[in-house]
Structure formats: C-alpha cells, structure tokens
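Read the structure below first, then the notes.
No lab work stands behind these numbers, since they all come straight from the coordinates. On a predicted model such as this, the values are computed, not experimentally measured, just so you know. As a convention, Cβ positions derive from the backbone with ideal geometry for all residues, glycine included, and neighbour counts pool all protein chains shown.
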Amino acid sequence: ATPISIMVGVGKAAEYGILIRNGEALQQAGKLTTVVLDKTGTITEGRPAVTALVPAAGWDETKLLTVAASIETGSEHPLAEAIVAAAKEKQIKVSPANDFQAIAGHGVSATVDGKKVLFGNARLMAQHRIELGDLAARAGELAARAQTPMFLAMDGKAAGIVAVADPIKPDSKAAIARLHANGIKVAMITGDNRATAEAVAREVGVDEVLAEVLPGDKADQVAALQQRGGIVGMVGDGINDAPALAQADVGFAIGTGTDIAIESADVALMRGSLHGVADAIAISRATVRNIK
Ligand code: ADP
Ligand code: MG
C-alpha cells in the first residue's frame, strides 16, 4: 500500500464524516466478512421511552412508575433515563432510595420506603426467585413487539412491568441491505432479551442475533466469530462496547458515542448512520484496488 493512496482514501472518507485513525484500518475495512452491530444506539436511536405500564394485582400504574423511577434515579443506564423522564412527565415525586446497586446486564436493586426493591430483566427476577405469574406472558407479548420489558419486585413479590421501546434509526435497514449486497454477514449483539432482540433483528434484516450477552462478554463473542474464520468489524457506541471494538479487526464507534468507545475504535462514524460502515468498506476497496 502506498502512503499516498492511503492518504487519499482517508481524505475521501473524511468527506463522508468517517474518521479513520490508521492506514491499517482503511485497508482492513474492505476485507471484512462479518459486521457485528450493537443494538442500542447503533441500530436504534439509543433514546428509549416508556411505552407500557403493566401493574400486578394490588398495584396501579402510578405506584409502579413511582417505585421504578425512585430506584432508577441512582442509575446512569439509558433505560433508567427513560423511566425517570416518564415519571417527571407525570409529575411524579420520587422517594429516596438507599443501598442502591447496579447489577450489570441485569438491572438495579435498592431499598425504597424500607422495602427491598429489584428492577430489571427476567434473569434478575429468576436469580431472586420472584414468581412472575401472568406477567411472564405479558412480557412476552411486549417483547414480540420489539419493546424491552423490565420487572419490578418489592419485598420478594412481582409488582409489575415497565416496558420501553427504542426507535430504530430510519436508515438502519437500508444500510444493512448494502452490507449484504457486498457479501457481508451482519450480526446484532445486545444485552437485551432474546425475544426483543429477534423482533428488532427482523425489522432490519440482521442474519444472526447474539442476545442476552453480558457487558463483559461482548469481546469474547467477537473473538468467537474471528475463530470461525471471519474478519470481523464491530460497531458500537457505549462504554460497554469498548473491549469488543478493540477486539474486532476493525472497530467502528458510531455517532455521539462515548469518549471511551471513540478511543477504542479504529474508525469514528460522525454522522451516526450505519451507511458509514458501507461507505468505509467501499472507500477501502477502491483504495486497495488503486494500490494493486
Ligand atoms: P445493552 O447495553 O445491550 O442495553 P445491558 O447489559 O446494559 O445491555 O442491559 C441488559 C439488560 O439488563 C437490559 O435490557 C435490561 O433488561 C437490564 N438492565 C440493565 N440495566 C438496567 C437498569 N438500570 N434498569 C433496568 N434494567 C436494566
Ligand atoms: Mg449499547
């Protein structure tokens, strides 16, 4: 590869809002066989909003949202922001939460009004042997519609579901189709539950779904695809995604990603669109063709 042609390619990419950190990444991008996309903030907008409140017997919507927002006030997770915003909109006054704990990939726990509260996914509920009863089927219905259901439990009993939905970016589907047209396999990776992940994947045409992946395991999943012989690109935006971006043959940080994601990436997609991945691949292939 001549330094001049690489400089030209890097310059061309910059016109598309694609910042390439090194010549090696530019040359590798055109060789990718598999691209792994993080779900939240990459395929979707990363701006979840509350879409459903399903109180258990003896609970009502306001009480459910009040306790959920009280515990989430201590969390920095995007899901927590959605719940706190919904409570604020309804002018709900939250209660103080003590002993707050974030449980990565599961949810949160705290003491609210002297009662032990858990809020998170089915895996968190199973770990604490919370009986979900009818709520399990309701959660399944919400997940099938691409919503993320979270369960609230108080003093060991299920209190209801708060569901959120995160809109899919308008151009994700078209950008994924472009990757397919270039012979690239597209996988989606997420900590979210399988049913929700599958519903999102169907809407955008992803080939393989890696769901319920714990934050610390995303890089291992990328490594497993590499061991299967793939040259793997990874696209993500979050702190969670940094090790997977570093593990990938080409790591892409997307949009208004966190500084940590951008630092761990070979390529930054400043326009926040997945079209940037297909553009980077096209520019890479054109650059490498010119070199030969
Ligand atoms: P991702 O980055 O893909 O969203 P996470 O590992 O952060 O995955 O979260 C996985 C799942 O754990 C979420 O879909 C949610 O069900 C649950 N969870 C994580 N953090 C919270 C939280 N603060 N409140 C409620 N649920 C949470
Ligand atoms: Mg994420």
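A few comments on the model shown:
- Over all other residues within a Cβ to Cβ distance under 14 Å of Arg228, the charged ones net out to -3, with Lys and Arg as +1 and Asp and Glu as -1.
- Inter-probe distance in nm under a simple model that places probes 7 Å from Cα toward Cβ, at Ile168 and Val8: 3.8
- Looking at region 1-105, the GluC sites (Glu not before Pro) that sit in a DSSP loop and have at most 13 other Cβ atoms within 10 Å of their own Cβ are Glu76.
- The helix-only estimate of mean residue ellipticity at 222 nm for the chain, built from DSSP H runs of length n ≥ 4 each weighted as -39500 (n - 2.57), is -12000 deg cm²/dmol after division by the residue total.
- Dipole magnitude for the chain: about 580 debye, using +1 per Lys or Arg Cβ and -1 per Asp or Glu Cβ, origin at the Cα centre.
- Using alpha-carbon coordinates, inclination of helix 3-15 to the longest axis of the chain, degrees: 40
- In the chain the Cα-Cα distances spread across 10 Å bins starting at 0 as 7, 28, 30, 19, 11, 4, 1, 0 percent of all pairs.
- For Ala102, the shell of other residues with beta-carbons less than 15 Å away shows a net charge of -3, using +1 for Lys and Arg and -1 for Asp and Glu.
- 10 Å beta-carbon shell around Leu26, net charge (K/R +1, D/E -1): 0
- Rounded tilt (10° steps) of 275-291 against the dominant C-alpha axis of the chain: 20
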